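Quick note: the coordinates plus some simple rules give every number you see, no bench work behind them. It should be emphasised that the depicted structure is a prediction, and the values quoted were computed from it without experimental measurement. Here the Cβ positions follow ideal geometry from the backbone for every residue, glycine too, while neighbour counts run over all protein chains shown.
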């Protein structure tokens, strides 16, 4: 029973994150979506780390998509995304790479949380920030 609840929960969250990762023109419907998905992934990390890691991959792409939208920039093609991000915001590109390359779901979660802070313009400590605001405010450049 508990396993089926977790897998249904993971599928729902992964579906929402994947929708935003696949549809390059879609904007997140609310600023609460990223923190909510991060909370869902955090609750899955121990019970189903693979589902959490898959969900976080979509969340990382949703954060990048939302950042580009806040800058009034079009999201580049997947093949050019990291190079474009590197040219525009090197610290953000670095955090995206760390989040996508993290070998474990918990590390990916920590990097995704730090990515949110960097995208918002906050300073990130070496221990990574774990608390997220209720609403994400993206600075305009």
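Determine, for each peptide in 101-111, 80-90, the mean count of other beta carbons within 10 angstrom over its residues, then list the peptides with the highest first.
Numbers: 101-111: 17.7, 80-90: 14.5.
In descending order of packing, they fall as 101-111, 80-90.
What length, rounded to one decimal in nm, is gained on full extension from residue 106 through to residue 72, with 0.36 nm per residue of separation minus their alpha-carbon distance? All intermediate terms of the calculation are to be shown ahead of the outcome.
Working: separation 34, 0.36 × 34 = 12.24 nm, distance 3.18 nm.
Once the chain is fully extended between residue 106 and residue 72, it gains 9.1 nm.
Based only on Cα atoms, what Rg/Rh ratio does the range 59-104 have, Rh being taken as Kirkwood's radius?
Working: Rg = 10.2 Å, Rh = 10.8 Å.
Dividing the radius of gyration by the Kirkwood radius yields 0.95.
For residue 36 and residue 79, what is the calculated FRET efficiency with R₀ set at 25 Å and r taken between the beta-carbons, to the nearest 0.05? Show your work: numbers first, answer last.
Values: r = 30 Å, r/R0 = 1.19.
In this case the efficiency is close to 0.25.
Sorting check: for 114-120, 92-98, 57-63, 46-52, which peptide has the highest mean count of neighbouring beta carbons within 10 Å, and how do the rest follow?
Numbers: 114-120: 22.1, 92-98: 19.6, 57-63: 24.3, 46-52: 16.7.
Ranking, from highest mean packing down: 57-63, 114-120, 92-98, 46-52.
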